[in-house]
Amino acid sequence: MKLYTVEKSLKIIELLNNNPQGLSLLEMTNMIGFSKSTIHHILSTLLPHAYIAKDPETKKYFLGFKFLEISRRILDNIDVRKIANKYLRQLHEECKEAPHLGILRDGHIVYIDKIDAPGRLSLATYIGFRTDPHAAAGGKVLLSELSHKEIMDIYKERSLKAYGRNTITGFPRLFEELEKIRKQGYAIDDEEYYEGVRCVAAPIRAGRKIIAALSITGSIFTMTTERIDRELIGLVMKAAEDISSEMQW
């Protein structure tokens, strides 16, 4: 019986995680199918421990700061993030764009570190942000080491969703792109995730295995194709290689 309650609690947490704008008790009841009293009991248990927060005006519930504390501890224990941070800062100083560090988790690219570029393009990404890997330069880098079967397994219950004007939405085209990335050692996202945004990424390795992707993201006006070819590919590949050389395996 206790395990059943834990399972329901996790489903409520996942529901709130997928709705960062917050949800009322009635909205959760309609969305998740549990009784109002069950949801209220679980929320009342989690609230005092800061796993859940409640807006006193709107009466909506959100994930609490306890998860932020936990996530920070998890991130602090990821070796690649510790090693890569100084290179992200250096990369930002060199190019004045927004570097990101991403890993592949549960079929998604998850950003575990980033440096914003004040005064330039404002991005909706944040540490902990996750999305489909096929539409992002860093995501394509992470997919490039996988077999066709492994990639099909990732997308067995979802399609290659179109995000930007140039998103790859067919598997033959994706496999062709990933083969190109394997050969050249970097990936480019040319308005594939966001319109008006470009990104270039390179792999970070521990031994021969790709464990993360380092990327630079910016506006199509500051990250022109000419600048990417002339400057940014070299910068991101060099930084990724430097991080890789410090990884322990």
Looking across segment 149-176 at residues that are in contact (Cβ under 8 Å) with a residue 12 or more places away in the chain and within 25 Å of Val80 (Cα to Cα), the single one that is surrounded by the fewest Cβ atoms within 10 Å (Cβ to Cβ) is Ile154
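Okay, residues lined up against (1) under 30 Å from Cys199 (Cα atoms); (2) free of Cβ contacts under 8 Å to residues at least 24 places away in the same chain; (3) among the aliphatic types (A, V, I, L, M):
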residue: His41; (1), (2), (3): no, yes, no
residue: Asp55; (1), (2), (3): no, no, no
residue: Tyr61; (1), (2), (3): no, no, no
residue: His108; (1), (2), (3): yes, no, no
residue: Pro118; (1), (2), (3): yes, yes, no
Being more than 18 Å from the chain's Cα centre (by Cα) and within 21 Å of Cys95 (Cβ to Cβ) narrows Gly234, Gly170, Gly218 down to just Gly234
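Quick one: which of Ile83, Ile39 is β-branched (Val, Ile, Thr), surrounded by 16 or more Cβ atoms within 10 Å (Cβ to Cβ) and either in a strand (DSSP E or B) or not assigned by TED's automatic domain parsing to the domain that holds Val141 (or both)? Spell out the reasoning first.
On the way: Ile83 fails: either in a strand (DSSP E or B) or not assigned by TED's automatic domain parsing to the domain that holds Val141 (or both).
Going through Ile83, Ile39 in turn, the sole match is Ile39.
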Going through segment 52-75 in order, the residues found to be modelled with pLDDT of 90 or more and either among the aromatic types (Phe, Trp, Tyr) or not assigned by TED's automatic domain parsing to the domain that holds Asn17 (or both) are Tyr61, Phe62
Residue hits (segment 222-249; out of contact with any Lys or Arg (no Cβ under 9 Å at 6 or more places or on another chain) and not in a helix (DSSP H, G or I)) are Gln248
The residue from Glu226, Glu246, Glu179, Glu191 that alone is of a type in the set (Asp, Glu) and in contact (Cβ under 8 Å) with a residue 40 or more places away in the chain is Glu246
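Please report, ordered by residue number, the strands (runs of 3 or more DSSP E) entirely within segment 152-220 with at least 3 residues that are of a type in the set (A, V, I, L, M, F, W, C) and closer than 20 Å to Val110 by Cα. Spell out how you get there, then give the answer.
Values: elements: 187-190, 197-206, 209-219.
Qualifying strands (runs of 3 or more DSSP E): 197-206, 209-219.
The values are calculated or read from the model by the stated rules, or taken from the named source; none is laboratory data. Worth saying up front: this structure is predicted, and the values here are computed from it rather than measured. Counting neighbours? That spans all protein chains shown, and the Cβs are built from the backbone with ideal geometry, glycine included.
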